[in-house]
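The values are calculated or read from the model by the stated rules, or taken from the named source; none is laboratory data. The model shown is predicted, which means the values in this text are computed figures rather than measured ones. For neighbour counting, all protein chains shown are included, and Cβ atoms are generated from backbone atoms with ideal geometry for every residue, glycine included. Each accessible area value is taken on the protein alone, full model and side chains, heavy atoms only, with ligands, DNA and RNA left out. Shrake-Rupley method; radii C 1.70, N 1.55, O 1.52, S 1.80 Å.
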Amino acid sequence: MARRRKGDQQDPWQLSLLSAIPGRERWEIKALRKNPGLAQNLETGLLSESGVLRARCNPVTGRVLIFYSPSTLNRSVESLLRNCLKNISERAVFPRLPAGSSAPHTASLARVIKSSIPARNQQILPPLLSVVGQALTLSRAPTFMIIFKTARGEGPRFLRTLGLVKTSSQLWFMLGLSTLLSFANFIIQPYRKRSWSRLGQATQHNLRTDLLAKIETQDMTFFDTYGTGRIVRLVTQDTENIGEFVERAGDELIEKVMTIAVCGILMLLISPKLVLVGSVSLPFFLLISRFYKPRIAESYARLGEANSNFSQKLENNLGGIAEVKSFTAEDREVARLHEADAQVTSLALKASGTSTIQSQLTSDMFAMGFILAAGQGGRMVAAEELTTDEYFRAAFWFPPLLSSLTTIEDVTKLYHRASDSAIRLAEVLDSSPQIQSGPVQLKVEAARGEIVFENVSFGYDPDVKVLENVSLHLRPGETLAIVGPTGSGKSTLLNLLLRFFEVDEGQILLDGIPIKDLELRSLRSTISLVSQEGHLFEGTVRENVLFGNPLASEAQVIKALRQASALDLIKSLPGGLDAAVGERGHRLSGGERQRIALARALLKISDGASVLALDEATSHLDSETELAIKRSLRQVSIGKSVIMIAHRLATVRSANKIVVLESGRVTEEGTHEELLARKGLYATLWQIQNDDP
Ligand code: ADP
Ligand code: MG
């Protein structure tokens, strides 16, 4: 629950805590605002502290988000922040970023757009159409004036030059011309919108593609810290904001600038004095803009953050909907989501409120300018400094000039929203995974599947060891079983083997090559994993099995399902192989999911992977089915290495070697018979499992 503590008035940094859950705190530091140099230094400083896992400092909002390990951080986050800030100020390094990058949001936006906008030749047409279209629109007023004057018999000279002498023929000509212009306008305007829209959509599409590619290559830590909801929002909403900016900002800017230029020049030609009087409000306008701009930027940044937060909560809720229902927590969850959405609503209102006040004030300013100009114009007409004709012309040109000047601010609204998204996007686009692919290639068919763990130590949080000094040896073609209490680090061993995480000490070798040096693709293609979760993707059974080898034939899919004892099951499903498994496979039972996940892994094995890694892959199955699978596995795994994590000791009894893991250490190892003879934990567990009916 969000706690709020007001910043101390004497506090030079003005820190206030916005929210805290163990491992994650959000702070607001006033001094950080509009100070990207300090934000950057603080981020670097925080990351160098032990126990800080991730830190984000946003110079627009002044907010700091810290992920830390509660067990390692030996003081409060507040004192950590204060200490870092103090250090920075003592070193007095507030490097002002070079001009141009002084606003990180502008730099990020430019960078994000540049990397994703289509090739230059596609960038030419939209602005061109805007210029032509706007010129046509602007031509309406003078055409109207000319028609009016022609009707009064005061048509312009060029009509006579064209040989049109009679008023009526001049009028017909002008009507024809204006119809032609209107028609051209009618043709061009939709084209103009479409071409901008195409540019915006293409930019958004390219950006999404790049972003998705970047996200997919991130390591597990990234997903752990960001959360699915936030990532989804990044890919959907934030890219859309950028697309919208490209689609609308350029077009609107051209429209407004052209109007201001043309109407401004025409007004100046009529009477510079009148323009001067009409523009007395301009300095006020600039002041208002200066005052409101940072406030609007900030409120959009806050809104963006609140939106992300809401998506994250919603995703969490839907992911655990069964738990929500079983604990009858619907009301609580609705309240929680309601609170998060209320925050979005109030921030959205605040953001739009601030910009409404601003646009109201500016439009009032200009109305005032208009009235002043009208009065002044009247006086000038009376004093014969201005003809009535000029006065009416001025009345034509002044309003579009004013309205363009006032609404040019709308473009900045698009800009703020887009640049706020760009900061978030750039953060992901610029980050590279800590786990990098090595240089050594290993052909999948050439791999023998020998795995060695040498004195491996590891902790998700560097200071809390999950594995300590673990050494293992799996010879090619043999089966190694790992047993032990839950939480002892069994799944972690596989996480390390697949290099989802990096070992802290020691090393892991595949066929004698340290996996750090191997290409990630080679490493992961060699190992076929059935993870403990056994995640299925939304889609059909066939699609899920084919995930193991997209090129496999129907016969191979069926064979893999048979080996996983899943064939009868598939036959009983409506639609058979084409039965939909539902989101995360929720339409199937736990045991059914496991068998399909196993078939998927077996397909990868038949495609050449030489190591089969099973993490409690048969835990949801009855003993009979498990036995059947065990038999077929023996066949499938001829010549393959198998790492098998299991709870039920009967499952692993025939393994070449069994390793007992307790609290991250190997405490016993040997064959089933050897371990029984040792009368250790394994023997005890065996006795319990076999005595218990
Ligand atoms: P086992 O598979 O033997 O039941 P695990 O290897 O899954 O155990 O977990 C070992 C320890 O590591 C547990 O204490 C667990 O809380 C912790 N752990 C597992 N996964 C993560 C993770 N992604 N981030 C942080 N801690 C984790
Ligand atoms: Mg596990």
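Give me the log10 of I(q) over I(0) for the chain at q = 0.07, 0.10 Å⁻¹, as the Debye formula computes it from C-alpha points; what are the numbers? Those come out to -0.69, -1.10, one per q. Under the criterion of Cα pairs below 8 Å and six or more residues apart, the relative contact order for the chain equals 11 percent.
Estimated from the Cβ-Cβ distance and a Förster radius of 25 angstrom, the FRET efficiency linking ASP517 and SER431 is about 0.60.
At R0 = 30 Å, how high is the FRET efficiency between GLN532 and SER19 if r is their beta carbon distance? Nearest 0.05 is fine. Before the final figure, lay out each step's value.
Working: r = 31 Å, r/R0 = 1.05.
E between GLN532 and SER19, to the nearest 0.05, is 0.45.
Projected onto their three principal axes, the Cα atoms of the range 482-521 cover extents of 32, 20, 17 Å, largest first.
Only Cα pairs under 8 Å and at least 6 apart count here; give the relative contact order of the range 488-600 as a rounded whole percent.
Working: 108 pairs, mean separation 33.7, N = 113.
Relative CO of the range 488-600 lands at 30 percent.
Along the charge dipole of the chain, pointing to its positive end and built from +1/-1 on Cβ of Lys, Arg, Asp and Glu, which listed residue (SER491, LEU614, MET380) has its Cα farthest out? In the chain, that residue is MET380.
Each Lys and Arg adds +1 at its Cβ and each Asp and Glu adds -1 at its Cβ; summed about the Cα centre, the range 568-693 shows a dipole of about 340 debye. For the peptides 493-505, 182-194, 581-593, residues were scored by their other Cβ atoms within 10 Å and the scores averaged per peptide; the highest-first order is 493-505, 581-593, 182-194.
For LYS325, a cut-off of 17 angstrom between C-alpha atoms picks up these lysines, skipping any fewer than 8 places away in its own chain: LYS313. Per DSSP helix of 4 or more residues, -39500 (n - 2.57); summed, then divided by the residues of the chain. What does that give at 222 nm, rounded to the nearest 500? Mean residue ellipticity at 222 nm (helix-derived): -19500 deg cm²/dmol.
Under 21 Å of direct C-alpha separation, and excluding same-chain neighbours fewer than eight residues apart, LYS640 reaches these lysines: LYS443, LYS490, LYS559, LYS604, LYS630, LYS657.
Principal axis analysis of the Cα atoms in the range 278-370 yields extents of 69, 17, 12 Å, listed in decreasing size.
For GLU519, what is the net charge nearby, where nearby means another residue's Cβ is under 12 Å from its Cβ and Lys, Arg count +1, Asp, Glu -1?
Details: positive: LYS443, ARG499, LYS516, ARG521, ARG524; negative: ASP517.
Charge balance near GLU519 sits at +4.
Counted residue by residue at 0.36 nm each, then reduced by the alpha carbon distance between them, the extension gain from SER89 to THR72 reaches 3.5 nm. Loop-resident chymotrypsin sites (Phe, Trp or Tyr not before Pro) (DSSP state other than H, G, I, E or B) in the range 290-339 with no more than 12 further Cβ atoms inside 10 Å of their Cβ: PHE327. Here the Karplus relation 6.51 cos²θ - 1.76 cosθ + 1.60, evaluated at θ = phi - 60°, turns the backbone of the range 517-531 into coupling constants of 8, 7, 4, 4, 4, 4, 4, 6, 6, 6, 10, 9, 10, 10, 6 Hz, with x for every Gly and Pro.
Report the extension gain between GLU49 and LEU282 in nm, rounded to one decimal, defined as 0.36 nm multiplied by the number of residues separating them, less their alpha carbon distance. Provide the component values of the computation, followed by the final result.
On the way: separation 233, 0.36 × 233 = 83.88 nm, distance 5.03 nm.
My answer for the length gained is 78.8 nm.
The string of couplings for the range 660-674 from the Karplus curve (6.51, -1.76, 1.60, θ = phi - 60°) is 9, 10, 10, 6, x, 10, 7, 9, 9, 7, x, 7, 3, 5, 4 Hz, one whole number per residue in order, with x for Gly and Pro. Dividing the mean sequence gap of close Cα pairs (under 8 Å, 6+ apart) by how many residues the range 221-326 holds gives a relative contact order of 62 percent. Of all lysines in the structure, the ones whose alpha carbon falls short of 20 Å from that of LYS293, not counting any fewer than 8 places away in one chain, are LYS30, LYS34, LYS256, LYS350, LYS413. Of the residues LEU15, LEU81, ASN690, the one whose Cα sits farthest toward the positive end of the charge dipole of the chain, with +1 on the Cβ of Lys and Arg and -1 on the Cβ of Asp and Glu, is LEU15. Could you compute the net charge surrounding GLU668? Neighbours are other residues with a C-beta less than 12 Å from the C-beta of GLU668; K and R count +1, D and E count -1. Every neighbour counted, the sum reads +1.
Note on ARG562 and PHE291: the model spin-label points, each 7 Å out from Cα along the C-beta direction, lie 8.1 nm apart.
Backbone amide hydrogens, once placed in the peptide plane, bring SER528 within less than 5 Å of VAL611, LEU612, ALA613, excluding anything fewer than 5 places away on its chain.
Accessible area, 1.4 Å probe, largest first: how do ASP210, ASP219 sort?
ASP210, ASP219
How much net charge surrounds VAL545 when only the other residues with a Cβ under 13 Å from the Cβ of VAL545 are counted, with Lys and Arg +1 and Asp and Glu -1?
Values: positive: ARG542, LYS559, ARG562, ARG593, ARG595, ARG600, LYS604; negative: GLU543, GLU554, ASP578, GLU592, ASP607.
Here the charged neighbours net out to +2.
For the chain, DSSP calls about 65 percent of its internal beta bridges antiparallel.
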